[in-house]
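Worksheet for the structure shown next.
The values are calculated or read from the model by the stated rules, or taken from the named source; none is laboratory data. All figures in this text were calculated on a predicted structure; none of them were measured in a lab. Heads up, the Cβs are rebuilt from the backbone with ideal geometry, glycines too, and the neighbour counts pull from every protein chain shown. Note: areas computed on protein heavy atoms with side chains; ligands, DNA, RNA excluded. Shrake-Rupley method; radii C 1.70, N 1.55, O 1.52, S 1.80 Å.
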Amino acid sequence: NWKSSGADAELQASASGSEMDPGTYKPVISVELKGGLITLEFKKKGVDALAMYGRLRGTLGWTKLGVDTSSPYIDGRPLAAAGVAEIREYMARGMMDDEEIGLDSDIVSITYGG
């Protein structure tokens, strides 16, 4: 899909698309168990990093788990009550220049038994 003439054709490079809008940026994350670890996969899509948040289903408020610049983020927290499975929920926010921007991601959840 390279342009047929001009500098873009010579370099076989072309920029298309629009500039990222920090006000409307919304991360997309997914969660799964890999080797017994909860892993949150993501693509930054123009931001510096993602701030990850978690909570137990049914609780109010989010706990900031950390900031990650490369996928995946691994949630290594132990169970709230040893031996009792729980449903964990996660969401993320984009980060630019150490500031959270944009919209919260959709909430994803997983049942974790330790």
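Please count how many residues of segment 99-114 are free of Cβ contacts under 8 Å to residues at least 24 places away in the same chain and either among the acidic types (D, E) or in a strand (DSSP E or B) (or both). Looking only at that region, the number is 1.
I87 - would you say it is surrounded by fewer than 17 Cβ atoms within 10 Å (Cβ to Cβ) and in a strand (DSSP E or B)?
yes
Number of residues in segment 62-87 that are within 25 Å of D48 (Cβ to Cβ) and not β-branched (V, I, T): the value is 12.
In segment 19-38, of all residues being of a type in the set (D, E) and over 15 Å from Y90 (Cβ atoms), the one that is most open to solvent (accessible area, probe 1.4 Å) corresponds to E19. The set of residues in segment 10-25 that are modelled with pLDDT under 60 and assigned to a loop (DSSP other than H, G, I, E, B) comprises Q12, A13, S14, A15, S16, G17, S18.
Restricting to segment 39-80, and then to whatever is open to solvent by less than 50 Å² (accessible area, probe 1.4 Å), of a type in the set (A, V, I, L, M, F, W, C) and in a loop (DSSP other than H, G, I, E, B), can you tell me which residue is nearest to P22 (Cα to Cα)? If we take residues in segment 39-80 being open to solvent by less than 50 Å² (accessible area, probe 1.4 Å), of a type in the set (A, V, I, L, M, F, W, C) and in a loop (DSSP other than H, G, I, E, B), then V47 is nearest to P22 (Cα to Cα).
Counting the residues of segment 26-38 that are in contact (Cβ under 8 Å) with a residue 40 or more places away in the chain and assigned to a loop (DSSP other than H, G, I, E, B) gives 3. For the structure I just gave you, tell me whether D104 is open to solvent by 30 Å² or more (accessible area, probe 1.4 Å) and at pLDDT 95 or above. Here the answer is yes, as D104 does meet what is asked. Return the only residue of A85, A7, A51 being among the aliphatic types (A, V, I, L, M) and at pLDDT below 95. Going through A85, A7, A51 in turn, just one is among the aliphatic types (A, V, I, L, M) and at pLDDT below 95: A7.
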